[in-house]
Amino acid sequence: MFELNLIKDKAKSRQRRRIIFLSVVSILFLSGLLAIVVGSLFWRETITVKNAQVEVARIQGSLNDLKTKLDVQEPAARKRRNALIEAFQEDVLVRQDRPYFNPILEDIAQHHPSSANFWYNSIQISADTQPNSGLRGQAGEDPYAASKSLMGTRGLEANGYIQIEASDIVTESELLQVAGRMDGFLKLVGKPTFNVDVAAEITPGGNPEESRYVPFTMRAAQTVFRSEAP
Amino acid sequence: MAADSGTGSSGDWTAGIVAIVAALLLGSAIPVGLYFGLYRPKVAERIAAQENKTKLEVEMNAMIARQEFVVKLESEADSVAERIEEIEKPFALPDVEKMDVPEVHEALLRLAKLHNLGLLPERQQQLRAEIVFPAGQRIEFPHGLMATKLKIETHAYFHDFGRFLTAMETMEKFVIIPESLICTGDSNGGSRHMFRMNVYVIERRDVDAIGR
């Protein structure tokens with residue numbers, strides 16, 4: 001009985017060892033499997049991270065290149081576009097607003113009151129003749145004063161004689177009324193100022209009833225006159 | 001015996017259970033350690049990299065939009081440049097060194113001849129005297145436009161000069177802006193007067209150089 005028990009115990013012991021051994025081996029096997037699974041997951045993540053980092057580096061590189069390029073290109077493109085727009089606007093304004101002299105000469109030739117002829121010794125049309133003009137004051141500082149003056153207003157100054165044939169125009173006031181009827185000038189260069197020198201009038205035939213010449217000086221206000229002027 | 005056997009049996013199992021528990025602890029420690037020690041930080045790293053990538057892609061999209069804007073700016077600039085070239089067709093090509101605009105100079109001389117304009121009496125004896133000549137001056141407009149000054153000095157009938165002036169101011173090929181005019185009547189009562197005029201000829205720009 002003792003031997004049998006011993007045999008039985010040995011068998012149990014073997015079975016127990018087998019169970020323990022198998023359990024340990026299974027546990028280790030499972031843990032190994034788990035470790036392999038975790039390892040493969042880790043490896044997969046490593047690859048993903050590596051790819052992502054490569055991709056990030058590539059995008060970062062492209063981004064930096066593009067940014068560097070655009071940091072130069074954008075201000076340059078903006079500057080050029082704005083400069084071109086300003087240049088275009090300037091061209092348009094120069095073409096549109098440039099002053100013309102032919103209307104004023106035409107007026108000088110054609111428009112005068114029916115009761116008098118105007119004989120001119122001198123006619124001057126000049127830019128920026130007003131002594132208090134802002135442009136003249138800035139001429140030393142403003143590098144574009146000349147071009148602004150060119151596109152700006154003009155003054156007219158003329159002198160000569162008013163030939164009076166109607167005997168009823170005698171006084172200075174009446175002469176100024178004659179001069180004031182020069183409608184063309186009123187439209188082109190604003191209301192001109194006439195000075196007549198009655199004392200210096202000339203009577204060529206000796207008879208003031210027939211014809212006499214009264215010296216005058218005319219100054220027109222600084223006014224812009226352009227192509228659209230009538 | 002039973003007690004012995006029980007004790008022996010329990011003692012045998014104890015060692016086994018300890019071994020199993022130890023194996024379990026040790027065995028689970030490896031994957032758990034790998035999981036928390038390697039896998040989780042790597043996942044965090046991957047998430048960070050992906051977030052970084054997403055952020056960069058957003059930045060890249062903004063940068064692409066910026067690039068499209070630059071292309072739009074350039075295209076607008078090209079369009080305005082074409083319009084400038086069109087509007088500046090009647091502007092003259094200058095000879096900067098001589099401060100002259102040869103084309104306009106020649107055209108005005110032809111026009112003066114056509115309208116019977118003569119030289120001023122005091123210049124009739126001068127060699128190579130011309131009615132139209134450069135004044136040696138150029139002026140600049142605020143946005144880069146330039147103009148060259150020419151002088152016109154002539155002895156002519158008022159109406160001839162008037163027609164010359166009208167023709168000059170309405171020339172289609174050039175833009176000429178009169179600056180000043182001094183007409184001095186013939187002191188002897190004749191019909192031919194002296195006209196001294198300054199004009200500016202607007203110059204064509206180098207469109208490619210604008211804003212560069």
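Sum -39500 (n - 2.57) across every DSSP H segment of at least 4 residues in the protein assembly as shown, then divide by the residue count to get the 222 nm mean residue ellipticity, nearest 500.
That calculation yields -19000 deg cm²/dmol at 222 nm.
Just to be sure I understand the model, the point goes 7 Å from the Cα along the line to the Cβ. What's the resulting B:L25 to A:R95 distance in nm?
9.6
From other protein chains only, count the Cβ atoms within 10 Å of every residue's Cβ in B:192-203, then give the mean. Intermediate results must be reported in sequence, preceding the final value.
Values: counts 0, 4, 1, 2, 1, 2, 3, 2, 6, 0, 5, 0.
Taking the mean over all residues of the peptide, I get 2.
Within 10 Å of each Cβ of A:94-100, how many other protein chain Cβ atoms are there on average?
Taking all residues of A:94-100 together, the mean is 5.
For the range B:58-75, take each phi angle, set θ = phi - 60°, evaluate the Karplus expression 6.51 cos²θ - 1.76 cosθ + 1.60, and give the result in whole Hz per residue in order, putting x for glycine and proline.
These are the phi-based 3J(HN,Hα) values: 5, 4, 5, 4, 4, 5, 5, 4, 5, 5, 4, 5, 5, 4, 5, 4, 5, 5 Hz.
Out of all Cα-Cα pairs in the range B:1-159, roughly what percent, to the nearest whole number, are more than 27 Å apart?
69
First measure r as the distance between the Cβ atoms of A:A109 and B:E97, then evaluate 1/(1 + (r/R0)^6) with R0 = 45 Å and state the FRET efficiency to the nearest 0.05.
That gives a FRET efficiency of 0.65.
Tell me, in nm to one decimal, what length is gained between B:V43 and B:R128 on full extension, where the rule is 0.36 nm per residue of separation less the Cα-Cα distance?
Working it through step by step, the gained length comes to 21.4 nm.
Pairing the Cα long axis of helix B:2-34 with the longest principal axis of chain B, what angle in degrees results, from 0 to 90 and rounded to the nearest 10?
Tilt of helix B:2-34: around 10 degrees.
Quick one: pull the percentage of alpha-carbon pairs in the range B:120-161 with a separation above 14 Å.
61
Would you rank B:I84, A:I20 by solvent-accessible area, highest first, keeping every protein chain in place and using a 1.4 Å probe?
Sorted descending by solvent-accessible area, the residues read A:I20, B:I84.
Pop a pseudo-label 7 angstrom from the Cα along the beta-carbon direction at both B:T14 and B:V71 and give the gap in nm to one decimal.
Between B:T14 and B:V71, the label points sit 8.3 nm apart.
Hey, can you grab everything whose amide H is under 5 Å from the amide H of B:E179? Only 5+ residues off in sequence or another chain; H modelled, so Pro and N-termini drop out.
Placed amide hydrogens put B:N198, B:V199, B:Y200 under 5 Å from B:E179.
To one decimal place, what Kirkwood hydrodynamic radius in Å is obtained for the range B:42-122 from all pairs of distinct Cα atoms?
Roughly 19.0 Å, rounded to one decimal.
For the range B:82-189, what value does the Rg/Rh ratio take when both radii are computed over Cα atoms and Rh is the Kirkwood radius, given to two decimals? Can you show the working numbers first?
Values: Rg = 15.2 Å, Rh = 15.2 Å.
Ratio value, two decimals: 1.00.
If I take R0 = 35 Å and measure r between the Cβ atoms of A:E141 and B:A62 in this structure, what FRET efficiency does the formula 1/(1 + (r/R0)^6) give, to the nearest 0.05?
The value I calculate is 0.20.
With an 8 Å Cα cut-off and a minimum separation of 6 or more residues, compute the relative contact order for chain B in percent.
The normalised contact order for chain B reaches 18 percent.
Between B:S79 and A:N117, what FRET efficiency comes out of the Förster formula 1/(1 + (r/R0)^6) with R0 = 56 Å and r the beta carbon distance, rounded to 0.05?
Efficiency, rounded to the nearest 0.05: 0.50.
What percent of all Cα-Cα pairs in the protein assembly as shown falls in each 20 Å bin, counting up from 0?
17, 28, 15, 10, 9, 8, 7, 4, 1, 0
For peptide A:71-82, what's the mean number of Cβ atoms from other chains within 10 Å of each residue's Cβ?
6
Grab the eigenvalues of the alpha-carbon gyration tensor for the range B:143-208, scale each by 5, take roots, and send me the semi-axes largest first in whole angstrom.
Three semi-axes, in Å: 30, 12, 6.
To check my understanding: the extent here is largest minus smallest coordinate of the Cα atoms along each principal axis. What are those three numbers for the range B:45-85, in Å, largest first?
So the three principal-axis extents are 58, 7, 5 Å.
Mind pulling up the Rg/Rh value for the range A:1-126? Radius of gyration and Kirkwood radius, both on Cα. Each step should come with its number before you reach the end.
Values: Rg = 51.6 Å, Rh = 26.5 Å.
Computed over Cα atoms, the ratio is 1.95.
The values are calculated or read from the model by the stated rules, or taken from the named source; none is laboratory data. Source: prediction; values computed, not measured. Here the Cβ is made from the backbone with ideal geometry for all residues, glycine too, and neighbour counts use every protein chain on show. The accessibility values were calculated without ligands, DNA or RNA, using every heavy atom of the protein model including side chains. Shrake-Rupley method; radii C 1.70, N 1.55, O 1.52, S 1.80 Å.
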